1. Any residue that is of a type outside the set (Phe, Trp, Tyr), under 15 Å from Phe200 (Cα atoms) and assigned to a loop (DSSP other than H, G, I, E, B) - is there at least one of those in the range 10-20?
2. From the list Ala252, Ala240, Ala215, which one is out of contact with any His (no Cβ under 9 Å at 6 or more places or on another chain) and surrounded by fewer than 16 Cβ atoms within 10 Å (Cβ to Cβ)?
3. Pick out, from the range 98-195, the helices (runs of 4 or more DSSP H) lying fully within it that include 3 or more residues that are within 16 Å of ligand 1 (Cβ to nearest atom) and within 19 Å of Asn44 (Cβ to Cβ).
4. Return the total of residues in the range 173-191 being more than 9 Å from ligand 2 (Cβ to nearest atom) and crowded, with 19+ Cβ neighbours inside 10 Å.
5. If you scan the range 16-45, which residues turn out to be farther than 19 Å from Leu81 by Cβ and touching a residue at least 40 places away in the same chain (Cβ under 8 Å)?
6. Taking only pairs six or more apart or across chains, which ones have beta-carbon atoms under 8 Å, a first residue in the range 179-190 that is without any contact (Cβ under 8 Å) to a residue 60 or more places away in the chain, and a second residue that is surrounded by fewer than 21 Cβ atoms within 10 Å (Cβ to Cβ) and assigned to a loop (DSSP other than H, G, I, E, B)?
7. If I ask for residues that are surrounded by 14 or more Cβ atoms within 10 Å (Cβ to Cβ), of a type in the set (Val, Ile, Thr) and at pLDDT 95 or above, which ones from the range 7-58 would you list?
Amino acid sequence: MPSQTIQWFPGHMAKTRRLITENLSQVDIVIELLDARIPKSSKNPEIDKLVNTKPRLILLTKSSLANASATKQWEAYYAALAAEKKFSCAALAVDTVTGEGVKEITPMIRKVLAEKLERYANKGMEGRKIRAMMVGIPNVGKSSLINRLSGGKHTRVEDRPGVTRTKQWVSTNIGIELLDMPGVLWPKFEDNIIGQNLAFTGAIKDDILDIEELASNLCARLYNTVPDLFCTRYKLDRAALAECTPYELLCAVAKKRGFLISGGELDTERAADIVLDEFREAKIGRVTLEYPEKKPAAKKPEPKPEPTAKPEAEVKPEEPSENGDGNE
Ligand SMILES: Nc1nc2c(ncn2[C@@H]2O[C@H](COP(=O)(O)OP(=O)(O)OP(=O)(O)O)[C@@H](O)[C@H]2O)c(=O)[nH]1
Ligand SMILES: [Mg+2]
């Protein structure tokens, strides 16, 4: 099966880049949202240039869908960067559904802006509202978080990327004005694995994707990194699938679920939708696809034991990248 090169950069995203730059002087802080399941792939490399030296807070969103131990590692990674003064502050894991981390956002913002707030206080401007701009990839949860912080349904939220199309200010009673922004990607992903990760988690519009191929690749990724979770969910025999291609893994799911079309052929389209939906809802388990890079170990690591089934499984490094035809 030829592999699709994933790319999605419609005109409104180029406009969003300009919107970020134009509105930067209006805000005190930028809140950059990363998807806790893919903190590396969801970090738009252009944001650093656009935001420049403006104080920034990183949030790892949708933490209830990610592996908790991986999220802790990502928090530690950003805490280390902050300690080395390579970043303005540590990152915080949040989830707008469970409410995890949400109460810690305001104190964290105040910590990042401590010097500025002190200057305001010295000028007798304690009551001045902090203005924060939300930036991040599509579907990462910017508008949901604004609604959660403002305690109302002020912004449109939908289970698809590209919902917010223009900027919107929202007031809160926690001393912060929030600026919602459309989600923004970048024109060319460095590596097709990044495109795949973004597509697996729902940051790329499904309409432009070959869903069967995407789901086949997701099956392969899950089989290779969290085999127990994948095989348990779809009642598959791990050993019997060892030599399978990604598409054969998808076929195995379709067969096990009894998805057939007329003539008795396997309905792999239906299986593809199911695998993607169940991954995105964490029904397969709380899976993080990327871990922070570890510093080289001082001594040789012990050989890894065979992974065993557990609610939150460890994830191994990426499968090799694939190249192929483009799409838009
Ligand atoms: N489980 C979970 N789902 C979330 C969380 N935050 C957002 N979602 C869901 O993710 C989807 C997208 O949320 P939005 O708030 O619209 O995302 P956005 O970043 O504003 O998206 P765009 O406007 O398209 O850029 C919705 O279905 C939300 O319910 C979260 O913390 N946990
Ligand atoms: Mg939005």
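1. Within the range 10-20, the first condition is being of a type outside the set (Phe, Trp, Tyr), and the residues that meet it are 10-20.
Narrowing further to those that are under 15 Å from Phe200 (Cα atoms): none.
The answer is no; no qualifying residue exists.
2. Values: Ala252 fails: surrounded by fewer than 16 Cβ atoms within 10 Å (Cβ to Cβ); Ala215 fails: surrounded by fewer than 16 Cβ atoms within 10 Å (Cβ to Cβ).
Only one candidate qualifies: Ala240.
3. Values: elements: 102-112, 114-122, 142-150.
Filter on the range 98-195 gives 142-150.
4. Filtering the range 173-191 down to residues more than 9 Å from ligand 2 (Cβ to nearest atom) leaves 173-179, 184-191.
Then keep just the ones that are crowded, with 19+ Cβ neighbours inside 10 Å; that gives 176, 178-179, 184-185, 189.
Of the residues in the range 173-191, 6 are more than 9 Å from ligand 2 (Cβ to nearest atom) and crowded, with 19+ Cβ neighbours inside 10 Å.
5. We begin by selecting, within the range 16-45, every residue farther than 19 Å from Leu81 by Cβ; these are 16-28, 37.
Hits for the range 16-45 are Thr16, Arg17, Leu19, Ile20, Asn23, Leu24, Gln26, Val27, Asp28, Arg37.
6. Pairs that qualify, where the first residue is without any contact (Cβ under 8 Å) to a residue 60 or more places away in the chain and the partner is surrounded by fewer than 21 Cβ atoms within 10 Å (Cβ to Cβ) and assigned to a loop (DSSP other than H, G, I, E, B), are Asp180/Thr155; Asp180/Lys167.
7. Matches in the range 7-58: Thr16, Ile20, Val27, Ile29, Val30, Ile31, Ile38, Ile47, Ile58.
The values are calculated or read from the model by the stated rules, or taken from the named source; none is laboratory data. Keep in mind it's a predicted model, so treat the numbers as computed, not measured. Glycine also receives a Cβ, built like all others from the backbone with ideal geometry; neighbour counts cover every protein chain displayed.
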